[in-house]
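The values are calculated or read from the model by the stated rules, or taken from the named source; none is laboratory data. If you're wondering where the values come from, they're calculated on a predicted model, not measured in any experiment. Here the Cβ positions follow ideal geometry from the backbone for every residue, glycine too, while neighbour counts run over all protein chains shown.
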Amino acid sequence: MEITLDSIIGILSLLLGGSGLGWFITWRWQKAKAKAEAKQAEAEAKQKEADAKTAEIEMAQKVQDTYQQMLEDKQKEVEDNHRLIEELRADRDHYKQGYIEMRDEMEKLSKEFRDFRSETEEERAKMKRDIARNGRQMENMRPFLCYDTKCKKRVRVPASECGVVEKPADDPAEEKVKKDIEPLSINDM
């Protein structure tokens with residue numbers, strides 16, 4: 001078997017002119033195209049995965065920022081609550097001290113009032129006794145009253161409730177009483 005130029009040309013024309021070479025070139029081209037599409041799909045998948053990871057990281061960062069802000073707000077609120085609690089305790093202590101002082105002052109005033117009241121009641125009772133004694137003394141001295149301080153004969157003089165001496169109208173019955181009572185004079189003693 002000798003290879004001649006005709007046989008080589010026939011084989012080449014068969015290969016080039018027939019579907020063999022076209023098939024081979026097409027096959028290589030399709031293989032390269034499929035490889036490129038696979039790489040592109042792989043790159044797109046990696047890009048999507050990277051985008052998803054980026055979105056996940058961004059979401060995690062946003063969540064972390066939100067939690068951090070919430071923690072800062074909560075810490076601020078706790079500090080405000082502690083400050084308010086301290087202010088309320090100071091106010092409570094102030095009002096408690098004021099209440100204690102006011103209570104002590106009220107107890108002192110109540111004791112003073114009770115003492116004053118008992119003293120006043122005692123003084124009032126004493127004054128009533130003195131007034132009654134003075135009234136009895138006045139009633140006992142009544143026969144010795146006179147309108148004129150220089151008179152030698154004392155006559156009964158009516159006295160009003162307030163102690164004012166009333167000059168009686170001339171009554172003949174009283175004239176007899178006037179004559180019956182003989183006062184003690186200073187010379188007689």
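Can we say residue 71 is part of a helix (DSSP H, G or I) and either in contact with a Lys or Arg (Cβ under 9 Å, 6 or more places away or on another chain) or at pLDDT below 90 (or both)? So residue 71 fails the test.
Right, residue 76: assigned to a helix (DSSP H, G or I) and at pLDDT 95 or above or not? Spelling it out, residue 76 is indeed assigned to a helix (DSSP H, G or I) and at pLDDT 95 or above.
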